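What follows is a single structure, written as structure tokens, with notes after it.
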Amino acid sequence: MKRILKKIFIKSIYYSGLPYLFREIVLRKKVIIIMLHNPGPDTGELLFKWLLKKYNIISLNQYIDYRNGKATLPAKPLIITMDDGHIGNYDLLPLIKSLQIPVTIFLCSGLINTRRHYWFKYYELLTDSDVLKMVPNNKRLEYLAKSGYYPEKEFPDPQALTKEQIMEMKEYVNFQSHTVSHPCLNRCTDAESWKEISDSKLQLETEYNLAINAIAYPNGDFTEREITYAKKAEYTCGLTVGYGYNGKNTSLYKLKRCSVNDNESVELLAIKATGIWSYLFLLFKKIPQLMFYNVTFSTRKLMRILILILPGMEDLVFS
Ligand SMILES: [Zn+2]
């Protein structure tokens, strides 16, 4: 039922003409940045071709140059980014080549070219990965260890791009930094946060010969401290997650990105890319919440938070 309601909701907005009006009037001079993770080649083709028809795809560097007064922007500019450096991104290379579109992929320097796994994709987790994003970094690592995961653990199959793939792709793809191990930077100590931000840049530059000037904060989480560190490590910009668009005065270290699911329908992509989605959420906060969130999921999450914070409870769960 919820699914049908959601479909009707999306289709009615799509066919209302609102996305078109937003794109043509409000967004003509704004820069939209979309964030994907691991779309398959078929979805990639569908989404990229649709975006090419409706927007002018520009590179992240063109936008940075524009901000520094060294470049101009076309009307309706849009930047495509992908986070994490999933091994499946390699399958998009023929498409990226044939469409000749600029794409930026943010790599975790400690995961690429290894058989280490992304902690949030570790399915044996004894708790929701969302809960682990809310606890201090050492607690997160502690609970991961209890679930049998540790950052250096090697698995049979790689999850991240290999060095060979990166070398082949780098002529067509702009690779940038997504920290070393994808922690929640805002839950790290000063030393941990600095190491993740600075080491990642250094590793990507020295071991992969990449020109690193941008960092995407994992999960979009950052504080003023991360901005200070990003500047100190000589990044030119930082990308977060949040609906909206980027203009002339948006802080270069708080660039907004619109999160798009890897299997998104073109209709929802059309709505999200315009930024209308955020307005709808603000206007009808309650309605989308009721429609899109599963109440039992929230209850489960609450239970798990309680488990993490109540002394003694963890022993019951993890014994
Ligand atoms: Zn990520």
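All of the numbers you see were taken from the coordinates with simple rules; none came from a lab. Note that the structure is predicted; figures quoted are calculated from it, not measured. Methodologically, a virtual Cβ is constructed for each residue, glycine included, from the backbone with ideal geometry; neighbour enumeration extends over all protein chains shown.
The length gained by stretching the chain between E24 and N68 to full extension, at 0.36 nm per residue less their Cα-Cα distance, is 13.3 nm.
You can think of it this way: the chain between K7 and K97 has 29.1 nm of extra reach, that is 0.36 nm per residue less the Cα-Cα gap.
Here the calculated FRET efficiency for K248 and K49, from their Cβ-Cβ distance with R0 = 35 Å, stands at 0.75, rounded to the nearest 0.05.
Comparing I271, L202, G247 along the charge dipole axis of segment 188-271, the residue lying farthest to the positive side is G247, per the Cβ-charge model.
If the segment from Y15 to D130 were pulled out straight at 0.36 nm per residue, it would be longer than the present Cα-Cα gap by 38.0 nm.
Only Lys, Arg, Asp and Glu carry charge here, each on its Cβ (+1 for the first two, -1 for the last two); on that basis segment 114-248 has a dipole of about 260 debye about its Cα centre. Normalising the average separation of contacting C-alpha pairs (under 8 angstrom, six or more residues apart) by the number of residues puts the relative contact order of segment 195-247 at 39 percent.
Rounded to 0.05, the FRET efficiency of the T223 and K163 pair, given R0 = 35 Å and the Cβ-Cβ distance, is 0.60.
Under a Cβ-only charge scheme (Lys and Arg +1, Asp and Glu -1), can you give me the dipole magnitude of segment 90-143 about the Cα centre, in debye to the nearest 20? The partial results should precede the final answer.
Details: 7 positive and 5 negative charges, 37 e Å.
The calculated dipole for segment 90-143 is roughly 180 debye.
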